[in-house]
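Here the structure is laid out as structure tokens; the discussion comes afterwards.
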Amino acid sequence: MTEKQAPAHKRDMTRRKVVVAGGAAVAAVGVGGGLAVNAFAGETTKDASASPSATASETCYTLTSETTEGPYYIDADKIRQDITEGKEGIPMTLELKVIDADTCKPVKNAAVDIWHCTALGVYSGYEAMGSGGGGGGGTPPSGAPTDAPSGTPTGEPPSGAPSGGTGGGHSEPTDDERYLRGTWKTDKRGYVTFKTIFPGWYQGRAVHIHTKVHVDGTWTDAGYEGGHTCHTGQFFFDEKSVLASATVTPYSTNTTTRTTLTEDTIYPQNGHTGGLLYLKYDKKNIAKGVRAHLTMGVAPDETHDSTDTQPSTSASPSAS
């Protein structure tokens with residue numbers, strides 16, 4: 001997937017940002033009105049077909065920010081929607097919609113990957129590296145899985161790793177565990193839903209979920225083959241929800257110093273465009289469960305496999 005990319009600033013100039021409603025869903029306006037209700041309450045897009053003067057080149061949705069893949073991606077290993085594998089944590093349903101940022105049309109049959117750490121900051125496939133995979137950098141939190149090593153992980157990136165939060169490039173898995181990872185396809189309306197748990201945290205990173213969107217491939221009995229990656233990003237959680245989760249077991253046993261959303265060097269600090277999720281939960285009892293959703297505006301004809309992102313120079317090289 002080595003398709004040459006135009007400079008980021010040139011790509012951005014071809015896309016107009018739209019106003020995102022902050023509260024209830026905006027009612028749909030008829031032909032000529034110019035607005036259409038998006039998939040989720042609080043998200044509104046410009047409908048290029050609503051006005052006779054609109055052209056196909058007009059942007060109807062903000063292009064979702066690209067971020068680093070991180071070192072712990074495992075390619076389409078588990079084709080499934082329920083990725084929990086019995087891991088303890090606050091139940092969470094993650095509903096995503098993938099939409100073409102230029103045409104506002106849903107992207108159907110795309111393969112969407114998500115992966116994230118446990119409540120105690122451990123990535124499956126990389127348990128030997130402790131909290132945060134190799135990116136934890138500090139002492140694993142108390143109550144970590146019994147098969148995790150004791151002591152302090154080295155947190156050292158591979159030799160020759162680039163600086164700036166890339167995680168030192170891809171790291172090969174150290175075990176066969178694959179919990180909290182999964183791939184599923186979008187339906188004809190561009191929707192995909194996963195069942196998981198609210199992620200925990202590890203040293204150097206705010207609470208987050210990784211994602212990739214693949215298009216133009218083929219779904220077979222063996223899984224998803226071919227195509228290219230049109231989006232690589234991360235989803236983030238507001239501070240209130242994270243503080244609420246920290247009062248619930250096993251998150252409350254995670255003693256790792258937490259990085260806040262404003263301190264995180266990967267989050268682009270641009271709200272929902274940067275991957276900040278819309279969340280619904282009982283404010284008095286988050287342990288009952290969380291519903292999270294977001295619409296991702298992507299460019300299906302482009303390739304974004306993490307190599308075109310520009311990481312922050314202040315980020316720890318092992319924290320991604």
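The values are calculated or read from the model by the stated rules, or taken from the named source; none is laboratory data. Computed from a prediction, not measured in an experiment: that's the story for all the values here. Cβ sites come from the backbone with ideal geometry, for glycine too, and all protein chains shown count toward neighbours. Accessible surface is based on the protein model in full, side chains and every heavy atom, while ligands, DNA and RNA are left aside. Shrake-Rupley method; radii C 1.70, N 1.55, O 1.52, S 1.80 Å.
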Of the residues in the range 245-298 that are in contact with a strand residue (DSSP E or B) (Cβ under 6 Å, 6 or more places away or on another chain) and among the small types (Gly, Ala, Ser), the one that is surrounded by the fewest Cβ atoms within 10 Å (Cβ to Cβ) is Gly289
Evaluate the range 199-207: report whether one residue or more is free of Cβ contacts under 8 Å to residues at least 60 places away in the same chain, open to solvent by less than 10 Å² (accessible area, probe 1.4 Å) and not acidic (Asp, Glu).
-> yes
Exception for Gly227 within (1) free of Cβ contacts under 8 Å to residues at least 60 places away in the same chain; (2) on the phi > 0 side of the Ramachandran plot falls at (1)
Scanning the range 261-320 residue by residue, the ones that are hydroxyl-bearing (Ser, Thr, Tyr), within 17 Å of Gly233 (Cβ to Cβ) and at pLDDT below 95 total 5
When every residue in the range 48-97 that is open to solvent by 20 Å² or more (accessible area, probe 1.4 Å) and not in a loop (DSSP other than H, G, I, E, B) is compared, the one modelled with the lowest pLDDT is Ile79
inquiry  = Within the range 140-150, does at least one residue satisfy the condition of being in a loop (DSSP other than H, G, I, E, B), open to solvent by less than 10 Å² (accessible area, probe 1.4 Å) and modelled with pLDDT of 95 or more?
reply    = no
Q) Based on what the data block shows, is Gly233 surrounded by 15 or more Cβ atoms within 10 Å (Cβ to Cβ), more than 29 Å from Lys280 (Cα to Cα) and either touching a strand residue (DSSP E or B) at 6+ places or on another chain (Cβ under 8 Å) or at pLDDT 95 or above (or both)? A) no
Here the qualifying pairs (Cβ atoms under 9 Å; residues six or more apart or on different chains; first in the range 169-192 and closer than 30 Å to Ala128 by Cβ; second of a type in the set (S, T, N, Q) and modelled with pLDDT under 95) come out as none
